[in-house]
Structure formats: C-alpha cells, structure tokens
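Heads up, the thing below is written out as structure tokens.
The values are calculated or read from the model by the stated rules, or taken from the named source; none is laboratory data. Bear in mind that the values here come from a model prediction, so they are computed numbers and not experimental data. Here the Cβ positions follow ideal geometry from the backbone for every residue, glycine too, while neighbour counts run over all protein chains shown. To get the accessible areas, we keep the full protein, side chains included, count just its heavy atoms, and leave off ligands, DNA and RNA. Shrake-Rupley method; radii C 1.70, N 1.55, O 1.52, S 1.80 Å.
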Amino acid sequence: MKIAILLSAGRHPVSGAAVLPRLEAQAIRLAAGLGQHIGLHAGPEAAVVAEALGQGLAHIQHAALPEEADPVPALATCLAALAPDLVLAGRRGQGGAETGIVPYAVADRLGYPLIPDIIAAAPGEEAGTLHLDQSLGRGARRRVTIRGPVVATVHPDAPASFAYAYGQARRGVIEPVVGALAPHPAPVPAVEERPYRRRPKLVKGAPAGSSAAERLKAATGEAGPASSGRLLVRPDPDEAAREILAHLRRIGVLAAPRDPR
Amino acid sequence: MTRPRRDPRAERAAIRVPDRDGARPRYDRSARRPGGGRPRRDPRAERAGQRVAGPLRLRYDLGQVAPAEGPVRAEPAQRTAAPTILTVEAPDFLVVAVPDMAGGRLSAHDRQVLGAARILAGREGGVAVLAVGAGAGYGSAGADRLISLDDDPDAYDPAGRAARIAATLAALKPRHVLFPETLDGGDLARRVAVRMREPLFGNAEGLSPTGLIRPARGRSIEQRAAPGLLATIAPEAVAEYAGPPREARLLPVEIDASMRGAQEITQEILSAIRIPADPATVPLGLAEFVAAAGNGVTDLDTFRRLVAVLRATPGASRVLCDAGLMPRQTQVGASGTVLAATCYLALGISGAPQHLQGVAGCEHVVAVNTDLHAAMIERAGLAIVQDAQLIMPALLRLLGQEAGDPGDAA
Ligand SMILES: Cc1cc2nc3c(=O)[nH]c(=O)nc-3n(C[C@H](O)[C@H](O)[C@H](O)COP(=O)(O)OP(=O)(O)OC[C@H]3O[C@@H](n4cnc5c(N)ncnc54)[C@H](O)[C@@H]3O)c2cc1C
C-alpha cells in the first residue's frame, strides 16, 4: 500500500520556531504500520519539514512555491502523480491560519472521499479497501470500511509518534518535485489582525443579565442541579435503588431496561 | 455577550407621578425595576413592621427572631405566568444554525450556536435551525424557523449530508450559516465550505453583529472579520439564548431535484460501525459515567459486580487505593484523575476537598453515605443517607429483575 502524508510548515505556538505538528508525526506512525510512505510538502522552504525525516519518514517530496501561493493545486497535482491509496493529514495546521480546510480542498480537487479524525488504520479484507477507526470522543469509535483512494485526517487520540532519531534524519532525503508548478495566488481573507486577548469564560448556568450574586452562585455550583438536590434519609434500600436507577435513566447514562414489563 | 440596553429616560418617564401643582416632577420608585436580580428591600416597611402598637411614644421591637411584616416584596405574579411566544412574521434575512444533534438532542454547544445566530439576526432577522430528524426545544433555544433535513440521522455519509445542506442553503439564500466547532460540526462546515466555494471563518471565539474573532498562529494573534456566509463557533464562547421562547415554525424548502448532489451518496463507504467505548477499559478521565467506592464500602466484590452491570467505569477514593483494594489508576481526585464525566455515583465517600476537586467537572452526582453531614451529600443532586452495603445488593437485585432473570444480575 502506498501512503502519502501531507506535511505543513508548523510553528511552535510559544517560541515561533519551526516544528513538525504533533498530528503529522502521529500520521507518520500510523503510516509506518501500513506500508510504503512518502511525505509531501508544498511551500517556499524544504528545511521546515526536515524534522519529519527524524520521525520515521525516509522520503519527502517538496514542491517549491512562492510564499503567498495557494498550496492546494500543487498538492493535488503531486498527489495525482503519486497515486497513493491513502493520504494522511493533520486536523489543523499549527502556527498559520489554522482553518483546517486544506485536506478538504485537496480531497475535493482529487475527487477522493475524506474521513476525518482517524486514530487507527488497517487494510481491509478486500483488495483496495481500508478499515479506518474514527474517534467520536470519550473513547467511542466508528469503524469505517472504505474503498480507496481516500484522504484521512488524524485525531490527537491516535498512537503517539516515534521518538526522533538523528541517524534517520541524516539518511532521509528531501527531493524537489520536477516540472514547473504554476503558482496560484491564495485567496486573501479580509481579516484584521491584532494581538490575542483572552476573553472571560462564560459562567455556565447564569442567566443573561444576571446580578453578580447570581453569577457567583452559578460559578460555585450552588445554583446547578446540586442546589435543587433530592435528599432521602434512611429510605428502604429497594426504594432507594429504584430512585437511583430512575435518576440515572433521566440523565441518560443508563440504558432503559431491555424488556419493559 | 450583549445585554439589552437600558433607556433610563424612558424608564423614568414611565414612573412619573402625574402631579397637581406641577412645581417639580415626582416619581414613584416603589415598583421593582423589571429584569433586576434580587428582590429589593424596603427599609421603611420593615421599620413599620417592627413598630409596637401602644402608647404615645414610638416603640420598636428590634428582636431579630420574628420576621418583620412585609420586608421583602413578593415577586410580581405575572413573571411566572406562561411566557408569550415571540414571532417574527417576515424576517428581512435568515441566519441558519446547523446543530450537531448528537443523540437526537440539542447539546449545550448547539444551544450556544443558536444563541450566536440570534445575536447575528438582531431584531429584523430570523433564526432558522437546520436539523436532521425530529427534535424538540428549538423554540426556547431561540429558533424562529425550523428546516427539517430529510436525511437518515444514523447513517454515516458526511459528504452526502454536506451536499444536501449545501443544496438547501442554495435554495434558502441565508445571510449567515453557523456550525458548532465539534468533531462532527467542524467536519460538516468544512465540507459545505469546499462544496459551495465559500471561505469559512473557523473556530470563532468572539461574536457581535459587526464582527467575528478567531485565534490564529497558536493563539498569538486574533483575526477579526465582518461575519461572512459560513462560520463555526467555539465551545463556551457565546451565551445561550435566554429570552422568551420563539415559535420554531416549520419552513418548507423547495430543493431543485436537479441541483448538484441533492440525492448524492458516497459510494466508496462500504460500511460504518459504531463501536461504543468499553467502560471497563476507557481511561477514567474520558469516561462518561463513573461509579466510585470509598472507605464506606467494605463489600468490594458486590461493588465490582454493580459497576459491570451499570456499565460504568470504576473509580475509588484515595483511602481504597492506598490500602491496595483498588488499582491506583482508579483514584479520583487532586492526586488522581480529574473527571469529565456526565454522572458520578459515589458510594461511601465523605467528599474530602482533595476528592471533590476531581469531581468538580461532573454535571450530575449521586451519593450514598451513612453520614447526613458529609460534603458529598451536599454536593449531590440525588443524595441517599443509607448503608452502601444495603443499597448495592438492592441495585443489583432490581437490575437483575429488569433483565428478566430474578436472582442473578447479568
Ligand atoms: C495531599 C493530599 C492529596 C489527596 N488526594 C486525594 C485524591 O486525589 N483523591 C482522594 O480521594 N483523596 C485524596 N486525599 C485524601 C482525602 O483527604 C481523604 O482522606 C479521602 O478522600 C477520604 O476518602 P473516603 O471518603 O473514601 O474515606 P472517609 O473519609 O473515611 O469517608 C468514608 C465515608 O463513608 C461513609 N460510610 C461509612 N460506612 C458507610 C456505609 N456502610 N455505607 C455508606 N457510607 C458509609 C462515612 O460516613 C464517610 O463519609 C488526599 C489527601 C492529601 C493530604
């Protein structure tokens, strides 16, 4: 199986130094268990993705583009030439606009289906099919069987990345894509930028326009379900058990009885 | 968050007392201001209530035992009367909210998205909720219109659903469309954006009728833009709608059958099976429902059986972990795991501050304890003062009866 991993020019959120985003390192680990894999980066500089070599990628293709060009057409062209069975990408970039739209745009251009937030991948029983395990949060998963080629994004719950290996980073190669790729200018979003300011957190449960006393009550949990709590003192154990089960079912954490009689 | 703006002049004009001589304006300030939080004290009436009837000299009973007559005004009766339903007959424009509807219900995040749509709609616009399948509570969440998307809520075909949503939006021509920034909602929003070739303003953390704000570059900067067609709203960023309920009238949408993708399904997806989390192995911090034992539980075998039958994740207080009766990774609290569970069932746990720190994020707490004054009992939404060794077998018995084989719970 042939896997292509989309690599982005990540920036560390604090220092601003070039780093490989964690999700892309995890994507390399997922791909390593499946077969032959290759990295793909479109951007002005190849050096920013060199860290991926040390994370277990042996080979990276680099499509040189000017700074302000849209990477999507170049990525789509390279992927069409590579013809992989699976394309892996992170959920969001890191250090850029962080919109997470690139995998979707690439999948749309190639006409591939996209499966978001996978945590495991395995080849299917039939040739050309894949089992992708998608995270649904809280430990639940969805196993999607799909006929490739397919684009998938990686969820943070996927297995942790390999440790960085210096020797591998030295041995790996970054190879420029031959053939001129016409740069398309990226659409410039009409946004105004300014330093980030943290916003006050919403106080859950406080009604809009409430007084300070009401907000304090909501913040300390006195106004929640706890304040209106039911208290049963020395009930009959069976009676109490019925109460507990009814309460758990009202909340929705316990399934209704299988056979209501 | 915007609060309705007060108009002090109009408020004062409303309480003006029509006077006889007209020498100076007089106002009746005895009425409560609407919308205020706490009831207002009336010190004069309190004082009058303390007056001892009798001889010439004024005498007051200042003993603090008996409640004074009428110190606090009762709530006006009409506040509790059934609220009238607000209707917007012909909205100038529509703001569409597309909730996740996980489990067929509006989540808190979904309601926040509806609240955000309400802010963008203002007085003239209407909020339409675009929901898959039936559901309830749209009106009180702030929706004026309801568009029911004809789609199987259980099938997994995100590309097909995005196509149908895009076709509906093309027919509706709304001014703004908002999605929640969740796993499902964020995915759907990006698919719709790519399909409609429209930019998406993702993960908006600030919202007002004139601008949206989102963090970028690892939260070192924020980007601000006028609201465009598509945006996703971060969790806990916008308050839920708190006004009177709205009508959520069904709005039929004519979708052109020839429209691209209105009937499309993704052929490549062969199957999609939902694998629920195994409560016995899911990490404690992710678990949905945790049942924990403390020093008050002596019969741990029954406890383990109960946890398995309830399909809960086992937890414990530090006392049990220190004693080696429960594994260390089940410890709940400051030096153990901080929970994000929906429900916490505490059996024989006193509720020490170090333990309660781990439970602070739980929405519902059920406590069983022999001590009426335990902190856990105070924290719980359902508190039962009874011996845990009696409650646990009773629960097992009841669950066993429900499962159909009396005597044994399986
Ligand atoms: C630095 C530090 C960190 C700590 N971190 C943690 C932590 O992370 N997590 C944690 O849990 N603790 C922690 N502790 C310990 C904590 O302070 C308490 O000692 C501990 O939580 C008490 O556990 P408990 O409620 O099970 O036991 P107890 O305090 O002994 O309470 C037992 C309760 O069970 C009730 N009971 C008794 N018999 C029955 C019965 N038959 N039926 C029903 N109820 C009954 C009693 O009324 C009592 O309320 C920490 C302490 C320190 C100093």
If we keep only residues of the range B:334-350 that are touching a His at 6+ places or on another chain (Cβ under 8 Å) and more than 9 Å from the ligand (Cβ to nearest atom), then the residue nearest to A:Leu248 (Cα to Cα) is B:Cys343
So, in the range B:68-124, how many residues would count as being at pLDDT 90 or above and among the hydrophobic types (A, V, I, L, M, F, W, C)? 13
Hey, which of the strands (runs of 3 or more DSSP E) in the range A:102-154, taking only ones fully inside, have at least 3 residues that are without any contact (Cβ under 8 Å) to a residue 24 or more places away in the chain and surrounded by 20 or more Cβ atoms within 10 Å (Cβ to Cβ)? A:129-135
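Here is a check on your reading of the model: is B:Thr337 surrounded by fewer than 23 Cβ atoms within 10 Å (Cβ to Cβ), under 25 Å from the mean Cα position of the chain (by Cα) and modelled with pLDDT of 90 or more? Steps first, answer last, please.
Numbers: surrounded by fewer than 23 Cβ atoms within 10 Å (Cβ to Cβ): yes; under 25 Å from the mean Cα position of the chain (by Cα): yes; modelled with pLDDT of 90 or more: yes.
In short, yes.
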Checking B:Gln331 against (1) more than 14 Å from chain A (Cβ to nearest Cβ); (2) away from the ligand (no atom under 12 Å from the Cβ), which test does it fail? (2)
Please give the number of the condition B:Leu325 fails out of (1) away from every other protein chain (no Cβ under 14 Å); (2) near the ligand (Cβ under 10 Å from one of its atoms). (2)
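Condition check ((1) closer than 30 Å to A:Leu254 by Cβ; (2) charged (D, E, K, R); (3) surrounded by 15 or more Cβ atoms within 10 Å (Cβ to Cβ)) across all residues:
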{"site": "B:Arg217", "(1), (2), (3)": "no, yes, yes"}
{"site": "B:Arg224", "(1), (2), (3)": "no, yes, yes"}
{"site": "B:Ala234", "(1), (2), (3)": "no, no, yes"}
{"site": "B:Leu251", "(1), (2), (3)": "no, no, yes"}
{"site": "B:Ala272", "(1), (2), (3)": "yes, no, yes"}
{"site": "B:Asp278", "(1), (2), (3)": "yes, yes, no"}
{"site": "B:Ala291", "(1), (2), (3)": "yes, no, yes"}
{"site": "B:Val297", "(1), (2), (3)": "yes, no, yes"}
{"site": "B:Leu306", "(1), (2), (3)": "yes, no, yes"}
Condition set away from chain B (no Cβ under 14 Å), open to solvent by 60 Å² or more (accessible area, probe 1.4 Å) and among the β-branched types (Val, Ile, Thr), scope the range A:161-197, selection farthest from B:Pro215 (Cα to Cα): answer is A:Val178
Residues in the range B:347-362: is at least one modelled with pLDDT under 90 and within 9 Å of chain A (Cβ to nearest Cβ)? yes
In the range B:357-371, what count of residues is obtained for those that are near the ligand (Cβ under 9 Å from one of its atoms), open to solvent by 10 Å² or more (accessible area, probe 1.4 Å) and outside any strand (DSSP E or B)? 3
Given the condition in contact with a Pro (Cβ under 6 Å, 6 or more places away or on another chain) and away from the ligand (no atom under 12 Å from the Cβ), answer yes or no: does some residue in the range B:314-322 qualify? no
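How many residues does the range B:381-398 contain that are assigned to a loop (DSSP other than H, G, I, E, B) and away from the ligand (no atom under 12 Å from the Cβ)? Please lay out each step first, then the result.
Kept after step one, since they are assigned to a loop (DSSP other than H, G, I, E, B), are these residues of the range B:381-398: B:381, B:386-387.
Keeping just the survivors that are away from the ligand (no atom under 12 Å from the Cβ) gives B:381.
Within the range B:381-398, residues that are assigned to a loop (DSSP other than H, G, I, E, B) and away from the ligand (no atom under 12 Å from the Cβ) number 1.
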Contacts under 6 angstrom Cβ, first residue in the range A:185-205 being in the same structural domain as A:Gly96 (by TED's automatic domain parsing), partner modelled with pLDDT of 75 or more, 6 or more apart: none
Selection from the range B:148-195 of residues that are open to solvent by 20 Å² or more (accessible area, probe 1.4 Å) and in a loop (DSSP other than H, G, I, E, B): B:Asp150, B:Asp151, B:Asp152, B:Pro153, B:Asp154, B:Ala155, B:Tyr156, B:Asp157, B:Lys173, B:Arg175, B:Glu181, B:Thr182
In the list A:Ala52, A:Ala74, A:Ala64, A:Ala81, which residue meets the criterion of being touching a residue at least 40 places away in the same chain (Cβ under 8 Å), open to solvent by 50 Å² or more (accessible area, probe 1.4 Å) and small (Gly, Ala, Ser)? A:Ala64
The listed residue being under 25 Å from B:Gly115 (Cβ atoms) and at pLDDT below 75, out of A:Ala180, A:Ala212, A:Ala206, A:Ala186: A:Ala206
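For the range B:293-313, which positions are within 11 Å of the ligand (Cβ to nearest atom) and more than 14 Å from chain A (Cβ to nearest Cβ)? Full working, then the answer.
Of all residues in the range B:293-313, those within 11 Å of the ligand (Cβ to nearest atom) come to B:293-299.
Once the filter is applied, which keeps residues that are within 11 Å of the ligand (Cβ to nearest atom) and more than 14 Å from chain A (Cβ to nearest Cβ), the range B:293-313 yields B:Ala293, B:Gly294, B:Asn295, B:Gly296, B:Val297, B:Thr298.
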